[in-house]
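Here the structure is laid out as structure tokens; the discussion comes afterwards.
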Amino acid sequence: MMKKYVKVISVAGIMAVTASGCGKEQESEPVVVKEFEEILPDNAKPVIVRDEENTAESTAAMDSMEDTETSAEAETETEAYADRIAGENAISYDIESSVYEEGVVHVEYPQLTGMESEESQQKINENIRNSVLNHISAENLSFYELGYETATKGDGIVSFIFRGSENTVGSAYPRSLVKTLNIDLNTGRNVRLKDFADISAVVSSLELADGYMVLNEGVDMADFSAFLNNGYVTDYAMTLLDYDIDFANPDMVPAGYTAIRNNHLILFVEAEHAMGDYVELEFEKDL
């Protein structure tokens, strides 16, 4: 009987050992790793976590910086030259047109009105009239016409540009006319190029053909520069010093003319007829 039990136990032990051995020989299933996006549902949206307090502080700081930059830009802006020169003595005035006619001569010119000082106003108006009508001789003229535009109506300076044409008897074509006047309203004197512009900078621009635009239609910048620098002007500095009408010297004939428009220097250079007799230049730099 004992032998039978031993046999049964032995068989059971062998079966247990066999079962255990078989379990060790089985390979474990590989671990499946999925991308994070595959786990999310189809309609999932990314979640952004913000620190609301810090975000508000950052936004406020950026707004403050922008306001500071805007204020700094506003502070760096300066008044236009024609207003700035007035200082605390801004002049109030209006402009009216007057006409001079004699034979074939027809000239329209400005006169100031409404100034507080009638004496200053009368003096300025006399200088305007005399300067515009000076050197006009009706002899041998078939016609002479001149009109004007107000280039700048400032608190301290008024700037006028006169344009027109004349023709002499027997001439094949008329000649274009240009004159200008820049007037200091506080002193009553005219303002010439040498009084308000950087002559050395103007000379450099003309020599290098840089820093200005040619406004005459059909006149090429390169052609004008070649004309100017091929012996027409031998000494820029000396020529520019003789620009503009001088109220104190009415018999002087200017070498050229200047005006102030949109806070820019406008230069009129006498040129050959093919270029319009005068070439109008506008300099890019603010006064």
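Data table
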read-out: Packing-based order for 260-266, 85-91, using average beta carbon neighbours within 10 Å, highest first; value: 260-266, 85-91
read-out: Peptides ranked, highest mean first, by Cβ atoms within 10 Å: ranges 126-133, 169-176; value: 126-133, 169-176
read-out: Net charge contributed by nearby residues that have their C-beta within less than 11 Å of residue 265 (K/R +1, D/E -1); value: -2
read-out: Around residue 223: net Lys/Arg minus Asp/Glu count, Cβ-Cβ under 14 Å; value: -3
read-out: Tensor-based shape of region 78-230 (alpha-carbon gyration tensor, a/c under 1.5 rounded, otherwise prolate or oblate); value: oblate
read-out: Residues in region 127-158 that a label on residue 246 would reach, taking backbone N under 16 Å of a point 7 Å out along Cα→Cβ; value: 131
read-out: Peptide ranges 235-241, 277-283 listed from the most packed, as the mean C-beta count within 10 angstrom indicates; value: 277-283, 235-241
read-out: Karplus-derived 3J(HN,Hα), 6.51/-1.76/1.60, for each residue of region 115-130, Hz, glycine and proline x; value: 6, 5, 8, 5, 5, 5, 4, 5, 5, 5, 5, 5, 5, 4, 4, 5
read-out: Local electrostatic count at residue 274 - Lys and Arg +1, Asp and Glu -1, tallied over other residues with Cβ under 12 Å; value: -4
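Coordinate-derived values only; no laboratory data. Please read all numbers here as calculations on a predicted model, not as lab measurements. Neighbour counts are summed over all protein chains in view; Cβ atoms, including those assigned to glycine, are modelled from backbone coordinates with ideal geometry.
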